[in-house]
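Below is one structure; the comments refer to it alone.
The values are calculated or read from the model by the stated rules, or taken from the named source; none is laboratory data. Model, not experiment: these values are computed from the prediction. Please note: Cβ atoms are built from the backbone with ideal geometry, for glycine as well, and neighbour counts cover all protein chains shown. When the accessible area is computed, the model is the full protein with side chains, heavy atoms only, and any ligands, DNA or RNA have been set aside. Shrake-Rupley method; radii C 1.70, N 1.55, O 1.52, S 1.80 Å.
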Amino acid sequence: MRLFLGNPPWYRENLYFVRAGSRWPHFEEKGCTYTPFPFYMAHAAAMLEAAGHEVGVCDGVAEGIQQDEYIRRVVEFAPDFVFQETSTPSIQEDLDIVARIRQQLPEALYGMAGMHAPMFTPEFLEKTPSVDVSFVGEYEPTLVDLAAALQTGVTDFSRIQGLVCRNVEGRVVATGRREMLANVDDYPWPARHLFPMERYHDEPGDIPQPSVQMWASRGCPYHCNFCVWPQLMYANNRYRPRAAASLVDEMEHLVKEWGFKSVYFDDDTFNIGKPRLMEFAREIQRRRLKVPWAAMCRADLMDRELLEALKASGLTAVKYGIESADQAIVNDCGKALSIAKVKETCKITTELGIRMHLTFMFGLPGETKESAAATKALALELNPHSAQFSIATPFVGSRYYDQLKTSGHLESEDYGRFDGYHTTEVSTDALSPKDLEEIAADMHRLWLEHTVRRGPAGPAVPHEREGVSIVVPHLAGREMLGECLSSLAAQHEKPLEVLIVTREPAGELAERFPNFRWVDSPPERPGFAAAVNAGIRASRGAYIALLNDDAIVQPTWLGELRAALEKTPQAGFAASRVLCYEDRRVLESAGDSVTLAGYAFNRGSGEEDGPRYNEKGFLFGASACAAMYRYSMLSDIGFFDEDFESYLEDVDLSLRANLWGYRCLYVPAAVAFHRGGTTTGGRRDAETVRRLARNTVGLILKNYPREVFQKHSVKIAIYLAFMLVYHTFWTRRGPSYARGLMEAWKGRELMLAKRKRVLGGMRVSQGEAYRMLWDGQKDLDEFKVTRLPRFLRALGLA
């Protein structure tokens, strides 16, 4: 029997939706790495494989693929049964996907499971002909029984508990909720070999990567009215912990056999039962398993003795759910958490050097402007390493949802607006949905300002990144890749790792360079930025060196860059001296610069290399063709913007880094040779011209401070108009440039949204930001770049 288990993708503007594995299905911003592991799907896959079935899996959320690609994979597998997880916010989108698949696979049967209470009733199937069965609550054993029935030719599932289905008469029946497995150790370990494990991220406290998520228990004895899993997936408050030895067995296997560097326990509540936890800590130490780990915990169940024992076993970070500073609100929602005890526990946790991630929620019944202000103040007072601020989400079937319906505080049931962060349809006696949206937005602003003022929060994580990871994005062709990798293999200073990010099979190069790692480039995101980010996410080094696949480097290149950054702590990244591959007397780049009008250029490009480029010093930015970045800087300001695809993505990152207080160091002794344009077609290529136009506007909209806009908006507009004329008459690429400008206009809302984050996190003054761009103006005057900038200088535009 062939069964396909899927977690379909869903996107909005610059957001992606998480559902499978999440107790709170919601949208996250693109660029965020958070992706929960779909435990139910993975356990079900393991049980189905153990029963002899053929299982196909696609986690479209983790892989970041588009819906068309997800559907193609389902159809290509040609399953007998198609299973999808769903949730209340995504239900209509998920049903549309099922209908599209059914058009191509009409003979297959279709089932859905997840956090959508109406799906547990016969009315759901009566209104949804595209779905044959829906699963109630925990579904792994039920899915195995259904597969066994299909294997024997049975299509009437009305005797299988845990389903809503159609019987032989075609009538929809509910078979009742299935009794859950009492001993959760009876579940096999998740079938992780079927899932893209490198793409699941939840690393509280910045625990080392690659990190893996585990469950140490199922269930929760507490009664929070908003918490949906105990109410829908379990329908009770039983707590089912795993045995300590079994738990450490899996933990040890994942660390020693899979190579994971840390573990995060994503339980409903991890720290219930002090004796069990003390036994767990002793078992880790008995096996000498030295690995950092983190867990989702309740603050009031911790004490100093327990925290000290857990820390000795590797506890590095904890998540505590606080929700509100108002004790009455916390009591009324059923959480039964003492705020005084929270403060005491957080103090001890901080004193022990354990990093905290705290979660807060606005909009619970009783919320007022005063209670929200108190919650904001508490978050800043506790000063965790990281924090989450959300708007309470009423999932259908939860007591919170019923309470809102009864009180009239659910303004509409537009589930798509329950994104948890930015929009809501919930009100309280004192606050409207708009009030709550403004409160959440203000808290995000306050938190950003707080983290900027304080700098890095909390103690350093043990087992921090160290060494250098080299990332080589391989975008097209193999003309120079072998020579590029040979130059890296010949480095005098050996890197921690070399990662080649590609969509092509490694082939004979894997044999020539057996110690290099090959990383899959994300199929859904074209361009340099996405490829580089994939490499960075897979890396382990404290420093990230980037090198284009059409470049080679001198044997001392890596050592020069690393040594320069180690000796210059105020520098967040470093630029190489890049010479032309074809004529090595000619300079291609001595770092990047950008002018007030938005013209970005390589310093010294086209000039003969000489003494004027021999001096080490600070400059605006680095050409990502050959550069090195501190991972700590990238994790702070964010990786390369994938919406830029290729061209100016490095200028965008350099500008963001400068605005956030990081400096770039030019290291002339680090020499690279670049054959430009081999992967993108050169700067006169139609596609390149389109991207340059689009990205120039995006760069300005996203990053330029208000003072620059006010003083130089006319110059910016004239510059863009002149470039359109230039490409129309000189390069004959006017239509391409015009298309790029139109794309920039259509995408302006996205860039303006990103602008809020970039400029909201500025750590330099408006004057310093202005001087940075004015220095680019002076660079252009000092260095001969190309013939075009001389025209621009003559017209006063550049």
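The single condition among (1) acidic (D, E); (2) over 23 Å from P230 (Cβ atoms); (3) at pLDDT 95 or above that E140 does not meet is (2). If you go through the stretch 208-218 one residue at a time, how many are at pLDDT 95 or above and of a type in the set (G, A, S)? Selection size over the stretch 208-218: 2.
Of all residues in the stretch 372-413, those that are small (G, A, S) and over 31 Å from the mean Cα position of the chain (by Cα) total 2.
Annotation: of all residues in the stretch 441-486 being among the hydroxyl-bearing types (S, T, Y) and modelled with pLDDT of 85 or more, the one that is surrounded by the most Cβ atoms within 10 Å (Cβ to Cβ) is S469. A single member of D186, D132, D145 is without any contact (Cβ under 8 Å) to a residue 12 or more places away in the chain and out of contact with any Asp or Glu (no Cβ under 9 Å at 6 or more places or on another chain), and it is D186.
With the structure loaded, tell me whether F418 is of a type outside the set (A, V, I, L, M), open to solvent by less than 40 Å² (accessible area, probe 1.4 Å) and out of contact with any helix residue (DSSP H, G or I) (no Cβ under 9 Å at 6 or more places or on another chain) or whether it fails that test. Spelling it out, F418 is indeed of a type outside the set (A, V, I, L, M), open to solvent by less than 40 Å² (accessible area, probe 1.4 Å) and out of contact with any helix residue (DSSP H, G or I) (no Cβ under 9 Å at 6 or more places or on another chain). Applying the set (1) in a loop (DSSP other than H, G, I, E, B); (2) without any contact (Cβ under 8 Å) to a residue 60 or more places away in the chain; (3) in contact with a strand residue (DSSP E or B) (Cβ under 9 Å, 6 or more places away or on another chain) to E169 leaves exactly one unmet item: (3).
Which of the residues belonging to the stretch 38-90 are assigned to a loop (DSSP other than H, G, I, E, B) and touching a Gly at 6+ places or on another chain (Cβ under 7 Å)? The answer is P38, P79, P89. Looking at the structure I just gave you, is L561 at pLDDT 95 or above and farther than 30 Å from E466 by Cβ? In short, no. Number of residues in the stretch 1-34 that are part of a strand (DSSP E or B), open to solvent by 10 Å² or more (accessible area, probe 1.4 Å) and not hydrophobic (A, V, I, L, M, F, W, C): the value is 7. Candidates D68, D96: the one that is free of Cβ contacts under 8 Å to residues at least 24 places away in the same chain, open to solvent by 10 Å² or more (accessible area, probe 1.4 Å) and closer than 22 Å to P526 by Cβ is D68.
Close contacts from the stretch 426-443, counting a first residue that is within 19 Å of F395 (Cα to Cα) and a second that is charged (D, E, K, R), with Cβ to Cβ under 7 Å and a gap of 6+ residues or different chains, come to S427/E411; T428/E367; P433/E411; P433/E425.
Looking only at residues in the stretch 148-166 that are closer than 20 Å to A50 by Cβ and in contact (Cβ under 8 Å) with a residue 24 or more places away in the chain, the one that is least open to solvent (accessible area, probe 1.4 Å) is G162. Would you point out the residue of the stretch 548-606, among those that are of a type in the set (K, R), in contact (Cβ under 8 Å) with a residue 60 or more places away in the chain and surrounded by fewer than 24 Cβ atoms within 10 Å (Cβ to Cβ), that is farthest from F618 (Cα to Cα)? So, considering only residues that are of a type in the set (K, R), in contact (Cβ under 8 Å) with a residue 60 or more places away in the chain and surrounded by fewer than 24 Cβ atoms within 10 Å (Cβ to Cβ), the one farthest from F618 (Cα to Cα) is R584. Residue count for the stretch 631-670 satisfying the condition of being part of a loop (DSSP other than H, G, I, E, B) and closer than 20 Å to A769 by Cβ: 6. Of the helices (runs of 4 or more DSSP H) lying entirely inside the stretch 703-798, those containing at least 3 residues that are hydrophobic (A, V, I, L, M, F, W, C), surrounded by fewer than 13 Cβ atoms within 10 Å (Cβ to Cβ) and at pLDDT 80 or above span 706-729. Could you list all residues from the stretch 310-327 that are out of contact with any Ser or Thr (no Cβ under 8 Å at 6 or more places or on another chain) and either surrounded by fewer than 15 Cβ atoms within 10 Å (Cβ to Cβ) or acidic (D, E) (or both)? A312, the sole residue that qualifies. Going by the conditions given, is R694 within 25 Å of A531 (Cα to Cα), in a helix (DSSP H, G or I), modelled with pLDDT of 90 or more and open to solvent by 40 Å² or more (accessible area, probe 1.4 Å)? Criteria not met by R694.
Here I322 fulfils each of the conditions (1) in contact with a Leu (Cβ under 6 Å, 6 or more places away or on another chain); (2) farther than 27 Å from P208 by Cβ apart from (2).
When the criteria are applied in full, L125 fails the requirement of being part of a helix (DSSP H, G or I) and within 22 Å of E54 (Cβ to Cβ).
Taking the conditions exactly as written (touching a residue at least 60 places away in the same chain (Cβ under 8 Å), in contact with a Pro (Cβ under 9 Å, 6 or more places away or on another chain) and buried (at least 19 other Cβ atoms within 10 Å of the Cβ)), does A387 satisfy them or not? The answer is no for A387.
Considering E381, E413, the condition of being part of a loop (DSSP other than H, G, I, E, B) and surrounded by fewer than 17 Cβ atoms within 10 Å (Cβ to Cβ) is satisfied by E413 alone.
From the set of residues in the stretch 487-531 that are assigned to a helix (DSSP H, G or I) and at pLDDT 95 or above, which is surrounded by the fewest Cβ atoms within 10 Å (Cβ to Cβ)? Taking the candidates together, the pick is A489.
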